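Q: My questions will all concern the structure given below.
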Amino acid sequence: MKRFLCAVTALITVLTALPLAAHAEKKQALPFSAGIEALRGQFEDGIGPGKDGKAIDYRYYSPVGENDTTKYPLVIFIHGIGHGEYEGSQLDDSDMPYWSSAEYQARFDNAGGAFIMLPRSHEEENVYWTEDKTEILHAAIKDFVEQHKENIDTRRIAISGSSAGGAMVWCLVRAYPGEFATAFPLASTRTPSNFTIKTAHETAFWILASKRDPIVNYQTSTLPVWRDIIKHNDHPENCRLSTFEKVYNPDGTEASDNHHLAKVITCDLHTYDGAQYPDLETIDGLGNVVNLEGDYGLIKWISNVYSDNMGNFSEGEAAEGIPVKIMGFFKNIFLHLVHLVQSMLGL
């Protein structure tokens, strides 16, 4: 009798759990064809911890469905100058929401989706991305991961940014080594030191640059950085260098300039129709040509490169002190002037 009751109890437990398992599902993302505005509507808003009266606000996409226990990668994209003028502008001015489409979410191997986080600098207050913002930006990232710790795979956190946002990528990987599995700065306005690259030896890099970039010189900045990465990275076979002879938009038209590369990742380094990007060559850290045929691009790379970060976020060694604040003050003025010039030129 006792055995019978135990068996009945076990059966009831299993049957009770079945409805819960049946309801565990991923979020149904909108299709790519829904268009950029509809895809932007899938994003939610958040804000990081405050410091000295300031805090980083952000927009994010979550792939998590009801009762979903899947561990998803996290992709963080930091905007360039001119895209942080009001709350939500980093979303309104970005094509990254295409990565929240059903087709692109499905490309994330070993998860079938990914979180996307878009932090913002307070450009409406003439505050731009400078080195002294590293700590407060990291605090927002760390807090976001903590909020979604049940579903974020901390071994697959990717950090990216364009232009001034790309410069912040280097600040973060130097200050918090080992936390980011992958990093893909686009036309970074900061040339990292040899020390930075040595410090970030655990992170796999995908450098994206144009040979005709009028701001970031390919020969004197991009190539030396790439050579240092090859020399010091733990896994050069996981590193990539994508070089654009000339920059195009995803629809095949020529871009307005050869510096702003944010749009080239709209369709994961492919054009709108899925073709390979024109005038683009990609190699790995061993010198092998990387063919971007089919759906291979940044997303597949992010999906399959893991770090050892099991969720331990250190305080890091973000640059601080009076000298850094002074440098940040003057660089902030410079970036404000650059913003004004870009606005006048319609860039």
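The values are calculated or read from the model by the stated rules, or taken from the named source; none is laboratory data. Not measured: the values here are computed from a predicted model. Cβ atoms come from the backbone with ideal geometry, glycine included; neighbour counts cover every protein chain shown.
Q: Looking only at segment 140-167, filter to residues that are closer than 18 Å to residue 314 by Cα and hydrophobic (A, V, I, L, M, F, W, C); which one of those is surrounded by the most Cβ atoms within 10 Å (Cβ to Cβ)?
A: Taking segment 140-167 as the starting set, the residues that turn out to be closer than 18 Å to residue 314 by Cα are 140-149, 152-159.
Cutting the leftovers down to hydrophobic (A, V, I, L, M, F, W, C) gives us 140-141, 144-145, 152, 157-159.
Values: 140: 22, 141: 23, 144: 22, 145: 20, 152: 23, 157: 25, 158: 25, 159: 27.
Filtering segment 140-167 for residues that are closer than 18 Å to residue 314 by Cα and hydrophobic (A, V, I, L, M, F, W, C), the one surrounded by the most Cβ atoms within 10 Å (Cβ to Cβ) comes out as 159.
Q: With respect to residue 62, is the statement that it is modelled with pLDDT of 95 or more and closer than 16 Å to residue 266 by Cβ true? Can you show your working first?
A: On the way: modelled with pLDDT of 95 or more: yes; closer than 16 Å to residue 266 by Cβ: no.
So residue 62 fails the test.
Q: Have a look at 206, 226 and point out the one that is closer than 21 Å to residue 280 by Cβ, in contact (Cβ under 8 Å) with a residue 12 or more places away in the chain and not in a strand (DSSP E or B).
A: Values: 206 fails: not in a strand (DSSP E or B).
Just a single option satisfies the conditions, and that option is 226.
Q: Can you tell me how many residues in segment 24-40 are charged (D, E, K, R) and either without any contact (Cβ under 8 Å) to a residue 24 or more places away in the chain or closer than 12 Å to residue 99 by Cα (or both)?
A: Filtering segment 24-40 down to residues charged (D, E, K, R) leaves 25-27, 37, 40.
Going one step further and asking which of them are either without any contact (Cβ under 8 Å) to a residue 24 or more places away in the chain or closer than 12 Å to residue 99 by Cα (or both), we end up with 37, 40.
Qualifying residue count for the region: 2.
Q: Scanning segment 63-83 for residues that are aliphatic (A, V, I, L, M) and in a strand (DSSP E or B), which turns out farthest from residue 188 (Cα to Cα)? Spell out how you get there, then give the answer.
A: Initial filter on segment 63-83 (aliphatic (A, V, I, L, M)): 64, 74-76, 78, 81.
From what's left, in a strand (DSSP E or B): 74-76, 78.
Numbers: 74: 21, 75: 17, 76: 15, 78: 11 Å.
It comes out as 74.
Q: So in segment 177-198, with the set limited to residues that are of a type in the set (A, V, I, L, M, F, W, C) and not in a strand (DSSP E or B), which one is surrounded by the most Cβ atoms within 10 Å (Cβ to Cβ)?
A: Quick first cut of segment 177-198, residues of a type in the set (A, V, I, L, M, F, W, C) only: 180-181, 183-184, 186-187, 195, 197.
Now restrict to residues that are not in a strand (DSSP E or B): 180-181, 187, 195, 197.
On the way: 180: 25, 181: 25, 187: 30, 195: 10, 197: 24.
Per the criteria, the residue is 187.
Q: Restricted to segment 290-306, and to residues that are in contact with a helix residue (DSSP H, G or I) (Cβ under 7 Å, 6 or more places away or on another chain) and part of a helix (DSSP H, G or I), which residue is farthest from residue 102 (Cα to Cα)? So that I can check it myself, show each step before the final result.
A: Going through segment 290-306, the residues in contact with a helix residue (DSSP H, G or I) (Cβ under 7 Å, 6 or more places away or on another chain) turn out to be 298-299, 305.
After this cut, where a residue has to be part of a helix (DSSP H, G or I) as well, the list is 298-299.
Values: 298: 16, 299: 13 Å.
Once the filter is applied, the top-ranked residue is 298.
Q: Read through the list (1) at positive phi; (2) surrounded by fewer than 23 Cβ atoms within 10 Å (Cβ to Cβ), then give the number of the only condition that residue 132 fails.
A: Failing condition for residue 132: (1).
Q: Check 116, 78 and return the single one that is of a type in the set (A, V, I, L, M), more than 21 Å from residue 31 (Cα to Cα) and either in contact with a Ser or Thr (Cβ under 7 Å, 6 or more places away or on another chain) or modelled with pLDDT of 95 or more (or both).
A: Numbers: 116 fails: more than 21 Å from residue 31 (Cα to Cα).
Unique residue meeting the criteria: 78.
Q: Scanning for something of a type in the set (Val, Ile, Thr), free of Cβ contacts under 8 Å to residues at least 24 places away in the same chain and in a strand (DSSP E or B), does segment 280-289 turn up at least one residue?
A: Residues of segment 280-289 that are of a type in the set (Val, Ile, Thr), as a first pass: 282-283, 289.
Restricting the remaining residues to those that are free of Cβ contacts under 8 Å to residues at least 24 places away in the same chain gives 289.
Narrowing the set further to residues that are in a strand (DSSP E or B) leaves 289.
Among the residues of segment 280-289, at least one is of a type in the set (Val, Ile, Thr), free of Cβ contacts under 8 Å to residues at least 24 places away in the same chain and in a strand (DSSP E or B), which makes the answer yes.
Q: Further question: Being farther than 20 Å from residue 190 by Cβ, within 11 Å of the chain's Cα centre (by Cα) and modelled with pLDDT of 95 or more: is that true of residue 144 here? First the steps, then the outcome.
A: Details: farther than 20 Å from residue 190 by Cβ: yes; within 11 Å of the chain's Cα centre (by Cα): no; modelled with pLDDT of 95 or more: yes.
Here the answer is no, as residue 144 does not meet what is asked.
Q: Restricting to segment 130-176, and then to whatever is basic (Lys, Arg) and part of a helix (DSSP H, G or I), can you tell me which residue is farthest from residue 225 (Cα to Cα)? Can you show your working first?
A: Pass one, segment 130-176, residues basic (Lys, Arg): 133, 142, 149, 155-156, 174.
Filter once more, so that each one left must be part of a helix (DSSP H, G or I): 133, 142, 174.
On the way: 133: 23, 142: 27, 174: 14 Å.
Among those that are basic (Lys, Arg) and part of a helix (DSSP H, G or I), it is 142.
Q: Let me ask you something else. Report, by residue number, each residue of segment 84-100 that is assigned to a loop (DSSP other than H, G, I, E, B) and surrounded by fewer than 23 Cβ atoms within 10 Å (Cβ to Cβ).
A: 85, 86, 87, 88, 93, 95
Q: Can I ask one more? Restricting the search to segment 207-222, which residues are under 17 Å from residue 194 (Cα atoms) and touching a Phe, Trp or Tyr at 6+ places or on another chain (Cβ under 7 Å)?
A: 207
Q: So, in segment 199-238, of the ones that are among the hydroxyl-bearing types (Ser, Thr, Tyr) and closer than 21 Å to residue 277 by Cα, which residue ends up surrounded by the fewest Cβ atoms within 10 Å (Cβ to Cβ)? Give the steps one after another, and end with the answer.
A: First, the residues of segment 199-238 that are among the hydroxyl-bearing types (Ser, Thr, Tyr): 199, 203, 210, 218, 220-222.
With closer than 21 Å to residue 277 by Cα added as a condition, the list becomes 210, 218, 222.
On the way: 210: 27, 218: 17, 222: 22.
Applying the filter and picking the extreme gives 218.
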